[in-house]
1. Restricting to helices (runs of 4 or more DSSP H) lying wholly in the stretch 323-430: which have 1 or more residues that are in contact with a Phe, Trp or Tyr (Cβ under 7 Å, 6 or more places away or on another chain) and of a type outside the set (A, V, I, L, M, F, W, C)?
2. Only one of these is assigned by TED's automatic domain parsing to the domain that holds Ala284 and modelled with pLDDT under 95: Gly535, Gly548. Name it.
3. Determine whether the stretch 286-297 contains at least one residue that is touching a Phe, Trp or Tyr at 6+ places or on another chain (Cβ under 8 Å), assigned to a helix (DSSP H, G or I) and of a type in the set (Val, Ile, Thr).
4. If you check Thr560, Thr523, Thr516, Thr592, which single one turns out to be closer than 25 Å to Trp498 by Cα, more than 22 Å from the chain's Cα centre (by Cα), modelled with pLDDT of 95 or more and among the β-branched types (Val, Ile, Thr)?
5. Filter the stretch 570-589 for residues that are within 22 Å of the chain's Cα centre (by Cα) and not hydrophobic (A, V, I, L, M, F, W, C); which is nearest to Asn57 (Cα to Cα)?
6. Answer yes if at least one residue in the stretch 80-94 is surrounded by fewer than 22 Cβ atoms within 10 Å (Cβ to Cβ) and under 31 Å from the mean Cα position of the chain (by Cα), and no otherwise.
7. Quick check on the stretch 580-590. Is at least one of its residues surrounded by fewer than 20 Cβ atoms within 10 Å (Cβ to Cβ), in contact with a helix residue (DSSP H, G or I) (Cβ under 8 Å, 6 or more places away or on another chain) and part of a helix (DSSP H, G or I)?
8. Identify all residues within the stretch 505-526 that are in contact (Cβ under 8 Å) with a residue 60 or more places away in the chain and either touching a Pro at 6+ places or on another chain (Cβ under 8 Å) or more than 17 Å from Ala584 (Cβ to Cβ) (or both); write none if there are none.
Amino acid sequence: MKRLVTFLLVIPIFYGAALGQQLPPLVAEQGYADLVLVNGKIVTMDDRSYTPNSPGNIVEAMAVKGKKIMAVGSNVEMRALAGPNTRFVDVENKTVIPGLIQTHYHLFSPAVSRYGPQVGLTDPSVKLTVVAETTAEATAKKLRDTLINAIQARRLPKGQWITVDLKENENNRRGTTFSWLYLGNINRRQIDGGTEDYPVLVKTGLQGIFNTTAIEELKQVFPDWEESTDLENRPGAGRDGYAAVPEIQGLSFELWWKDEPLESLAEALRLQGLDLQKLGITTAATRLLFPRTIAAYNLLNREGRMPHRLAYYIESQRGNFFNLKSIREFYKGTGAPWTTHSAGGEMLWLNGMCNEVWDSIYNEVCMGPDMPNASAEVKARERCPGPGSKPWESFKEAIIYGWRPVQGHATSSHGARLYIQMLEQAMEEANLSVEYIRNLRTTIEHNILLGNVPEIMDKIKQYGIMINVNMGMLRDIPENVKDYGPELEKFAMPVKTWMEDGHRVTFEAAGTDFWTPIYSLVTRKIPGGRDFLTGRPTEVVEILPEEGIDRVSALKMATTWASEYMMAEDTIGTLEPGKYADFAVLDQDFFTIPIDQIRDLKVVLTGLGGEIIYDANDPAN
């Protein structure tokens, strides 16, 4: 019996070995493919160079094993890797590209805006609207009168939060209310009278002011708020009640919703992630200010419910309103737990830290000595960080203690110069080498008026700083030209020059829209739309048409090179064997259609980690 058992066991071994000799080597090594895409124009985007119109390999088919790409090649070659249980997807000669990568997207905000109410996360405040007058004094009076009238007419209960949406007067220069709030021309003392029993936030989009009662409530959760807002903005900002993005968003995430189930926030984030799937977006990067957003994403990740890959950047000093001591202790004590994608989590990884505000994106750009002839009024509005400010100190302390610094807004040339000065100060204090800094692969964001000042660009190249652009923000240039004069235009995102000079440039999509920024990168035309600050229609803007690039390089900025941004170039961004099978199938051929049609492209199929997560032909979608 023992000899018979041995014989029976040996038979399969020899049979398997013989069969293995007849199998393609990949199948013998990995087993049969689980999924094969056939009959496609599969563009691998695996050429990493800046050579115009060089997408890399173009093949008919792609085989997937598990979560990763097994091989790419012809239909015949990939069919040879299939077994009896392999699933085939005929893409019907459509174009297949790597999954799109959004390098800079505050996706938690649209998540709660769109899906918060259906999961019980709502804004409990009473909402008012006020159109600004032509002076700060008259506007402050109008705000106070509107608040008092609403309190009395509506018989609001004491303790009721009130938010006022302050709209720009059409006769004012764009961004006038921004300047009034930032400089303290409108402040909490002007709206305190008559609102003592009601916490009030007056906001103009990204910034606003609190009244004293609102500050008292905020400080119950964030006791260091006043010092924090002074550090981030300007001395006296806290005294004036100045509120920016962290305060405005923090009301919801950390005050109003602090007792709501974490599962509710996680579900809103998940639902919004399903929208990304329909657009071919498989990976995003974001700063995360608030502990609850980090906890919610980690909850989704633990439960295997992340709808997309996410690289995130800690911004605790803003979301938790740290004072200077807390900033230093936080970065010193955390041990720099950031990582690359391959060394981190498959769907979620901490990729560094940031302090998003460096210089401003709207009214208070930072041109410094590069535009010395601007008026005193314009120069007074410039927002430029320096030693002792929260942006400067948080970045510097983080670098000293081993963190990767990412997503600082260097929207203007002098802002970039100051960022480099901060970087060099950290290098000197911590005895860090140029090669060490290059390996951190720090990034600067938006870069609307970065220009091409030789001393700045040489340093950016020396330190390997990636330049991440926001094409839609070129729409603001005509307003900036009114302040600085026509010579300012040469600073407006010379992307082609940067690339030809060897800089690595990526772009951030317009929220979830990748095709309009690509159109703008090629044509240098910024389509008309609605002004973010005023809501008014805007004209088409064309800036420096000679700086247009080819469409393939523009797509690399959202795939091939975008993966480098989040230190994931060995795992995503191209369709190469061994990388995650993240891909998007397009309804038209991106590479051949007229450039004006690119804005109308649609994704009809999305793959993430080898799974089809969106199919436009599926009735469930």
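The values are calculated or read from the model by the stated rules, or taken from the named source; none is laboratory data. Here the structure is a predicted model, which is why all the values come from computation and not from measurement. Backbone-built Cβ (ideal geometry, glycine too); neighbour counts: all protein chains shown.
1. Working: elements: 324-333, 376-381, 390-400, 413-430.
So the answer is 324-333, 390-400, 413-430.
2. One residue alone meets the criteria, Gly535.
3. Yes - at least one qualifying residue is present in the stretch 286-297.
4. Details: Thr560 fails: more than 22 Å from the chain's Cα centre (by Cα); Thr516 fails: more than 22 Å from the chain's Cα centre (by Cα); Thr592 fails: closer than 25 Å to Trp498 by Cα.
On inspection, the qualifying residue turns out to be Thr523.
5. Pass one, the stretch 570-589, residues within 22 Å of the chain's Cα centre (by Cα): 570-574, 580, 582-584.
From the residues that got through so far, the ones that are not hydrophobic (A, V, I, L, M, F, W, C) too are 570-571, 573-574, 580, 582.
Details: Asp570: 17, Thr571: 18, Gly573: 14, Thr574: 10, Tyr580: 17, Asp582: 17 Å.
Looking at the filtered set, the residue picked out is Thr574.
6. Step one: of the stretch 80-94, the residues surrounded by fewer than 22 Cβ atoms within 10 Å (Cβ to Cβ) are 80, 82-94.
Add one more test, that the residue is under 31 Å from the mean Cα position of the chain (by Cα), and what stays is 91, 94.
Yes, the stretch 80-94 has at least one match.
7. Applying the first criterion (surrounded by fewer than 20 Cβ atoms within 10 Å (Cβ to Cβ)) to the stretch 580-590 yields 587-589.
Keeping just the survivors that are in contact with a helix residue (DSSP H, G or I) (Cβ under 8 Å, 6 or more places away or on another chain) gives 588.
If we keep only those that are part of a helix (DSSP H, G or I) too, we end up with none.
Checked the stretch 580-590: no residue is surrounded by fewer than 20 Cβ atoms within 10 Å (Cβ to Cβ), in contact with a helix residue (DSSP H, G or I) (Cβ under 8 Å, 6 or more places away or on another chain) and part of a helix (DSSP H, G or I).
8. Once the filter is applied, which keeps residues that are in contact (Cβ under 8 Å) with a residue 60 or more places away in the chain and either touching a Pro at 6+ places or on another chain (Cβ under 8 Å) or more than 17 Å from Ala584 (Cβ to Cβ) (or both), the stretch 505-526 yields Thr506, Phe507, Glu508, Ala509, Gly511, Thr516, Tyr519, Val522, Thr523.
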